[in-house]
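The structure appears right after this line, and notes come after that.
The values are calculated or read from the model by the stated rules, or taken from the named source; none is laboratory data. Given the structure is predicted, the values throughout are model-derived calculations rather than measurements. Virtual Cβ from ideal backbone geometry, glycine too; neighbours counted across all protein chains shown.
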């Protein structure tokens, strides 16, 4: 090998050495970084709070006349998809996100277990899409069932509200 | 290697060693900050505080009725902002925030007027939900969400157009006037000017010299950014700022953060307005600092402290 060729070979060798060193260092950074990851799982709390918000917030399913009555469901809201969507799109304002992070299907049943209404937020299509994603760790699928009174017409009736919810967690 | 390749080989070897040292230095520097945070438990604390506050906010929104809750816990010497559905937690310097989102409720949003970075020094945060409003207060200042995103305003970069700063004590009449209340703004203005002379601050009123308010402000029109000092009775410091000016918002955020560091100041607010900020029914300024009329004007140290904070904010504004 003459001197020129030797010089070219050495340059290429130098570059390869440097790339190899960079790759090794990058792997080391990733390795050490995995130990520095400090976090804790709050997905259960996030889901619980959101379920409470849907049920108990004055701007959720709660029946309100002059005052709001936590635990009493407004049948008009729970049974009318348009009214429910209008209410929840205001009450759940995802200002930090461009897309919603919560979908749910609510089923209201009477005391005999007969389903009397089933509604989706924001839509059944969105709900089905999120359900299909719920196996991924950034989504939490939560099913809740509450004994409630629902206000229909001028009377209060006992029933069950089942909420099937998928929430995107941090 | 040197024996095999001679002098050129030596140069390459040296080059190689230098590159290795550079690479190691870069990696070390990249890790140093993170290691320091890790050592001081900062990462964990910031994540904890941001998540806890965001979940707390969500829980308050979820409450069925009126609610008052005092959050006291690990918040010590952190700065917290509630901007646009995100809790950001800072440690001392307003950099590298830890963020966690919360979900706002538009039904309550109409009563959210102010928003800025909340400096908390070993204090509680109070959540108060009543009627159609949610107010979060604590530390040195009070925050009411969601109109002005200070973290965004503070990060806004722009080309500086105006070199000077006009500080106008907005009392009416001649100085020294009989009205001590009116003279208070002059006293503070003087304190600020004394610290800032020869530039960039210009005080529009000299002792025994007076001009009408429109003359005072128009004298420097186009050359300087005007702020007005006013008296107020509802907060320690209240900054009134034009909603359409990003620069004014940035200055307002800088001012409120600096002024909130003054010992004893309990509350401060930023109020956005689309209306002209009128001084004495005449001139219009982009920003006014309104401070508590019970401020201890007789205490020169207090005046100096106030002036230093204003100076510091203006210094940061002008970079």
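Here are some notes:
- Within the stretch A:41-68, restricting attention to residues that are over 18 Å from the mean Cα position of the chain (by Cα) and in contact (Cβ under 8 Å) with a residue 40 or more places away in the chain, the residue that is farthest from residue A:106 (Cα to Cα) is A:63.
Quick grid of which residues meet (1) outside the structural domain of residue A:103 (by TED's automatic domain parsing); (2) surrounded by 11 or more Cβ atoms within 10 Å (Cβ to Cβ); (3) farther than 25 Å from residue B:107 by Cα; (4) at pLDDT below 80:
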site: A:4; (1), (2), (3), (4): yes, no, yes, yes
site: A:23; (1), (2), (3), (4): yes, no, yes, no
site: A:29; (1), (2), (3), (4): yes, yes, yes, yes
site: A:32; (1), (2), (3), (4): yes, yes, yes, yes
site: A:50; (1), (2), (3), (4): no, yes, no, no
site: A:70; (1), (2), (3), (4): no, yes, no, no
site: A:75; (1), (2), (3), (4): no, yes, no, no
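- Index of the failed condition, residue B:128 passing every other in (1) more than 10 Å from every other protein chain (Cβ to nearest Cβ); (2) at pLDDT 75 or above; (3) under 30 Å from residue B:30 (Cβ atoms): (3)
- Within the option set A:109, A:132, A:145, being surrounded by fewer than 16 Cβ atoms within 10 Å (Cβ to Cβ), assigned to a strand (DSSP E or B) and away from chain B (no Cβ under 14 Å) holds for one residue only, A:145.
- Of the residues in the stretch B:86-100, not one is at pLDDT 85 or above, within 14 Å of chain A (Cβ to nearest Cβ) and either closer than 21 Å to residue A:61 by Cα or within 16 Å of the chain's Cα centre (by Cα) (or both).
- When residues in the stretch B:20-45 are screened for being modelled with pLDDT of 75 or more, more than 9 Å from every other protein chain (Cβ to nearest Cβ) and over 14 Å from residue A:22 (Cα atoms), 2 of them pass.
- Of residues in the stretch B:271-300 being at pLDDT 75 or above and in contact with a helix residue (DSSP H, G or I) (Cβ under 8 Å, 6 or more places away or on another chain), the one surrounded by the fewest Cβ atoms within 10 Å (Cβ to Cβ): B:287
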